[in-house]
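I have placed the structure first, in the form of structure tokens, so that the comments after it can refer back to it.
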Ligand code: NAD
């Protein structure tokens with residue numbers, strides 16, 4: 001193969017490769033944790049935002065801060081994603097159809113599998129997987145002409161279950177990864193870039209709350225698992241929400257335009273160790 005030294009590489013605008021200017025991104029579970037970090041990274045990259053969460057007061061504060069700091073448009077919707085009708089109502093009244101959808105919201109309540117009744121299973125599956133399907137379906141149906149970006153939140157627990165009492169969670173996240181691959185396969189030709197993030201242990205409000213709950217209920221197996229987890233971490237530190245948010249930016253921006261149906265693990269090397 002010969003190389004023409006006068007030809008510059010394609011996509012040579014460094015900033016444009018990671019810019020989200022003129023894009024609107026919808027992020028679920030954006031009040032706290034990883035979702036809040038993704039909202040901030042996307043705002044930093046120039047996107048306007050539509051943020052969804054059940055936690056009204058925290059989401060309002062986050063939105064206000066992002067508007068002031070980054071001078072972008074931020075809309076908020078307070079929805080309980082366990083409720084499919086509320087999701088449909090949101091899309092019915094959605095004024096700006098987002099270019100980018102990040103299905104981040106998720107719950108990981110620890111419970112022994114033998115105590116996981118139908119109510120518990122249905123709730124976990126609906127928030128973690130059912131709502132993701134609903135959101136993907138509504139977004140794709142509305143953007144069939146122009147395509148778009150979808151980023152779904154998986155978990156290493158779907159690949160290598162490590163912590164006890166998370167089997168229903170693991171199943172829901174395995175479903176998210178299967179959904180991501182199927183939709184990528186089906187809609188890439190229509191201009192959709194659909195990929196999944198697979199985080200390892202990340203310090204968030206949710207994981208801190210889980211630790212508090214375990215302590216109060218004397219569930220010390222969780223602390224044993226956490227200690228083992230840290231010992232196995234090659235990079236030697238627990239992840240921060242922005243570690244995931246930076247990769248979400250890569251998945252959303254033009255730099256990853258040939259990526260489709262990928263599962264990107266960001267776990268400080270945990271799965272290798
Ligand atoms: P978090 O609990 O810190 O934040 C989750 C956000 O989602 C909160 O703002 C919460 O109010 C919102 N939310 C929860 N249930 C909702 C509902 N029914 N309707 C609307 N909003 C709702 O969680 P996190 O640790 O940042 O996790 C975010 C995502 O990343 C989840 O999907 C989780 O499974 C995944 N994940 C997290 C980790 C980790 O170690 N933190 C690891 C792997 C995967």
Of the conditions (1) modelled with pLDDT of 95 or more; (2) assigned to a loop (DSSP other than H, G, I, E, B); (3) in contact with a helix residue (DSSP H, G or I) (Cβ under 6 Å, 6 or more places away or on another chain), residue 173 clears all except one; give me its number. (2)
For residue 100: the one exception among (1) more than 15 Å from the ligand (Cβ to nearest atom); (2) modelled with pLDDT of 95 or more; (3) over 26 Å from residue 169 (Cβ atoms): (3)
Could you run through segment 232-273 and say how many residues are over 9 Å from residue 200 (Cβ atoms), assigned to a loop (DSSP other than H, G, I, E, B) and out of contact with any strand residue (DSSP E or B) (no Cβ under 8 Å at 6 or more places or on another chain)? 8
Where the second residue is away from the ligand (no atom under 12 Å from the Cβ) and modelled with pLDDT under 95 and the first is under 13 Å from residue 265 (Cβ atoms) and lies in segment 231-251, which pairs have Cβ atoms under 6 Å and are six or more apart or on separate chains? 234/273
Let me confirm something: among 52, 34, 27, which residue is under 11 Å from residue 104 (Cβ atoms), more than 9 Å from the ligand (Cβ to nearest atom) and in contact (Cβ under 8 Å) with a residue 40 or more places away in the chain? 27
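I'd like the full set of residues that are assigned to a helix (DSSP H, G or I) and either out of contact with any helix residue (DSSP H, G or I) (no Cβ under 9 Å at 6 or more places or on another chain) or under 30 Å from residue 97 (Cβ atoms) (or both), limited to segment 143-170. Even if it seems obvious, please write down each step before you answer.
Here is the first cut: in segment 143-170, the ones assigned to a helix (DSSP H, G or I) are 156-158, 167-170.
If the condition is that a residue be assigned to a helix (DSSP H, G or I) and either out of contact with any helix residue (DSSP H, G or I) (no Cβ under 9 Å at 6 or more places or on another chain) or under 30 Å from residue 97 (Cβ atoms) (or both), then 158 is the only one that fits.
Yes/no matrix, rows are residues, columns are (1) more than 13 Å from the ligand (Cβ to nearest atom); (2) assigned to a helix (DSSP H, G or I):
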| position | (1), (2) |
| --- | --- |
| 43 | yes, yes |
| 58 | no, yes |
| 81 | no, no |
| 105 | no, no |
Taking segment 203-231 and the residues there that are over 24 Å from the mean Cα position of the chain (by Cα) and assigned to a loop (DSSP other than H, G, I, E, B), the one that is surrounded by the most Cβ atoms within 10 Å (Cβ to Cβ) would be 219
Is it true that some residue in segment 111-132 is modelled with pLDDT of 95 or more, away from the ligand (no atom under 11 Å from the Cβ), under 24 Å from residue 194 (Cα atoms) and buried (at least 21 other Cβ atoms within 10 Å of the Cβ)? no
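For residues in segment 196-210 being more than 16 Å from residue 58 (Cβ to Cβ) and either more than 6 Å from the ligand (Cβ to nearest atom) or out of contact with any helix residue (DSSP H, G or I) (no Cβ under 9 Å at 6 or more places or on another chain) (or both), which is modelled with the lowest pLDDT?
210
Working carefully through the options 166, 177, find the one that is buried (at least 20 other Cβ atoms within 10 Å of the Cβ) and within 14 Å of the ligand (Cβ to nearest atom).
On the way: 177 fails: buried (at least 20 other Cβ atoms within 10 Å of the Cβ).
Matching residue, one of 166, 177: 166.
Residues 137, 123: which one is out of contact with any helix residue (DSSP H, G or I) (no Cβ under 8 Å at 6 or more places or on another chain), touching a residue at least 40 places away in the same chain (Cβ under 8 Å) and either under 21 Å from residue 50 (Cβ atoms) or assigned to a helix (DSSP H, G or I) (or both)? Give the derivation first.
Details: 137 fails: touching a residue at least 40 places away in the same chain (Cβ under 8 Å).
Going through 137, 123 in turn, just one is out of contact with any helix residue (DSSP H, G or I) (no Cβ under 8 Å at 6 or more places or on another chain), touching a residue at least 40 places away in the same chain (Cβ under 8 Å) and either under 21 Å from residue 50 (Cβ atoms) or assigned to a helix (DSSP H, G or I) (or both): 123.
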Can you tell me which residues in segment 91-110 are surrounded by fewer than 20 Cβ atoms within 10 Å (Cβ to Cβ) and out of contact with any helix residue (DSSP H, G or I) (no Cβ under 6 Å at 6 or more places or on another chain)? 92, 93, 94, 95, 96, 109, 110
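The values are calculated or read from the model by the stated rules, or taken from the named source; none is laboratory data. Here the structure is a predicted model, which means the values were calculated and not measured. Cβ coordinates were reconstructed from backbone atoms using ideal geometry, including for glycine residues, and neighbour counts include every protein chain displayed.
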